[in-house]
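Working notes, beginning with the structure itself.
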Amino acid sequence: MSELRFDQVSVRYGHRHTGLTAVDRVSLTVPSGQVVGLVGESGSGKSTLARTAVGLSPVSGGRVLLDGTDVRRQARRNRPVQMVLQDPSSSLDPRMTIGESIAEAMPRGAFLRRAARNVEVCRLLELVNLGSDRAGMLPGRLSGGQRQRVALSRALAGRPKVVIADEITSALDVSVQGAVLNLCRDLQRELRLSMLFVSHNLAVVRHMSDLIAVMYLGRIVEVGPTEAVVTDPRHPYTRDLVDAAPSRTGNLLADEVAATADVEPPDPHNPPTGCRYHPRCPIGPAMRSDRQICVTTDPIESAGERPHGAACHFAGSPALPDRARA
C-alpha cells in the first residue's frame with residue numbers, strides 16, 4: 001500500500017493571457033489502502049488532475065508524490081501508479097489480442113519466458129472474472145463491460161500500488177455498471193490498493209469511496225469522509241450535487257437552487273473573482289446582496305479552518321437550507 005499526494009498541483013494549457021488553468025493549486029491526499037472519490041461536473045478538472053499522476057497531463061506547478069517521491073522521477077513503464085481510462089474501446093489496441101495487450105503492460109524484466117507471461121495473463125483474466133480463453137481474442141469480439149475488465153486487468157499487470165479509475169463506468173450500459181464497480185471495489189480490498197476514483201456521479205462515488213473530494217472549476221471545494229460529506233455537506237456546490245443525485249424519494253431541489261439553476265456556468269478561461277461558485281450559489285450574493293465578501297475574497301485561502309476544508313465563507317452557516325437526502 002502507498003500514499004499518493006497532490007501537492008499544490010496546477011495544470012495550465014495555452015498562452016499566459018489566453019490559456020486555461022484546468023487545475024489550480026490543488027492539494028489532495030489518497031491515503032494508503034483507501035479509496036478517494038473525486039467528484040464534480042464535466043469540465044471541473046477531475047480527469048486532468050488524475051492524469052498528472054501517470055504523466056498524461058503536464059504539471060505546470062506543484063508536485064505529485066508517491067510515498068514522498070515525485071512520480072516524474074520514476075520510469076513510466078515500471079511506475080507503481082496505473083490508470084484505467086473511461087472508454088475501453090480507445091484504451092485497447094484493436095489489432096492486439098487481449099493477451100498481448102495485458103502482457104505489454106507487465107513490468108520490464110518481470111517475465112522473461114513466454115510461458116510465464118502466458119500464465120500471468122491467464123491469472124489476471126481470471127482475477128477480473130474473465131476466462132483464460134479470452135487471451136487470444138481481439139477487443140472487438142468483447143462487450144463493453146468485458147473490455148473494461150480487460151482494461152482493469154491490464155492496469156493490474158503493472159503491479160501497481162495505486163490505481164486511478166477515471167469514469168470507468170460512464171461508457172457502459174447501466175446493466176453492467178454495478179458488476180464492474182463491485183469488481184473494482186473487491187479487487188481494491190483484496191489487493192490492498194490505494195485508489196483515486198473519478199466520477200461525475202455522486203451516487204457511484206458514495207458506493208465506492210472511503211473519502212470524497214469535491215472539485216469545481218479547477219479547485220477542491222470540500223473533502224472529508226464519505227458519509228459525512230454526503231449527509232452533512234458544507235459547501236453549497238456539494239449540496240447541489242447531493243440534491244441532484246437520485247434518492248428513494250426523487251430529486252428534491254430547494255427553492256434557492258431552483259432560483260439559480262438557469263445561471264450560465266462561468267467561463268473557465270476567466271473564472272470569477274473571490275469564490276468561483278458565487279454566480280451560481282443559492283446562499284451567495286446572487287441571492288443575498290449583503291454577502292459581497294464572496295465576490296471580493298477567495299475562501300480557498302482559509303478553507304483549512306472550516307469543516308471538511310470547505311471553500312465557502314459561510315460553510316455550516318444556519319442559512320444553509322436543510323434538504324432531504326437518500
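Things to note:
- Leu38 long-range amide H proximity, modeled H, under 5 Å: Phe197, Val198, Ser199, Ala213
- Loop-resident GluC sites (Glu not before Pro) (DSSP state other than H, G, I, E or B) in region 189-244 with no more than 14 further Cβ atoms inside 10 Å of their Cβ are absent.
- Candidates Arg117, Arg288, Arg149, ranked by Gaussian network fluctuation over the chain, Cα under 10 Å, top entry: Arg288
- Around Thr226: net Lys/Arg minus Asp/Glu count, Cβ-Cβ under 10 Å: -1
- Modelled this way, with points 7 Å down the Cα-to-C-beta line, the labels at Ala179 and Tyr13 are 3.5 nm from one another.
- Each label was represented as a point 7 Å from its Cα along the Cα-to-Cβ direction; for Arg72 and Arg159 these points are 2.7 nm apart.
- Using alpha-carbon coordinates, inclination of helix 114-127 to the longest axis of the chain, degrees: 40 degrees
- In this structure, Met137 and Glu190 have a Cβ-Cβ separation that, at R0 = 22 Å, corresponds to a calculated FRET efficiency of about 0.30.
- Plainly put, region 100-147 has a radius of gyration that is 0.97 times its Kirkwood radius, both from alpha-carbon atoms, as the Rg/Rh ratio.
- Modelled spin-label separation between Thr231 and Ser289, with each label point placed 7 Å from Cα along the Cα-to-Cβ direction: 4.1 nm.
- Shape class of region 109-208 from the alpha-carbon gyration tensor: oblate, with a/c at 1.5 or above and b/c at least as large as a/b.
- Positive dipole terminus of the chain, leading residue within Ala50, Met106, Val229 (C-beta point charges): Met106
- Global form of region 1-63, assessed from the alpha-carbon gyration tensor, a/c cut-off 1.5: prolate
- If R0 is 51 Å, the Cβ-Cβ spacing of Glu264 and Asn118 corresponds to a FRET efficiency of close to 0.40.
- Local net charge near Gln86, Cβ-Cβ under 13 Å (Lys/Arg +1, Asp/Glu -1): 0
- A simple rule links phi to the HN-Hα coupling: the Karplus curve 6.51 cos²θ - 1.76 cosθ + 1.60 with θ = phi - 60°, which for region 45-61 gives x, 4, 5, 4, 4, 4, 5, 5, 6, 10, x, 8, 10, x, 8, 7, x Hz, with x for Gly and Pro.
- Over the chain, volume per residue of the alpha carbon convex hull, in Å³: 141 Å³
- Cα convex hull of region 143-185 - mean projected area over all directions, nm²: 2.9 nm²
- Three-way shape label, region 1-140, alpha-carbon gyration tensor, a/c 1.5: prolate
- GNM result for the chain, Cα springs below 10 Å: residue of Pro265, Pro233, Pro279 fluctuating most strongly: Pro265
We did not get these values from a lab; they are worked out from the coordinates using the rules stated. If you're wondering where the values come from, they're calculated on a predicted model, not measured in any experiment. All Cβ positions, glycine included, derive from the backbone under ideal geometry; neighbour counts span all protein chains shown.
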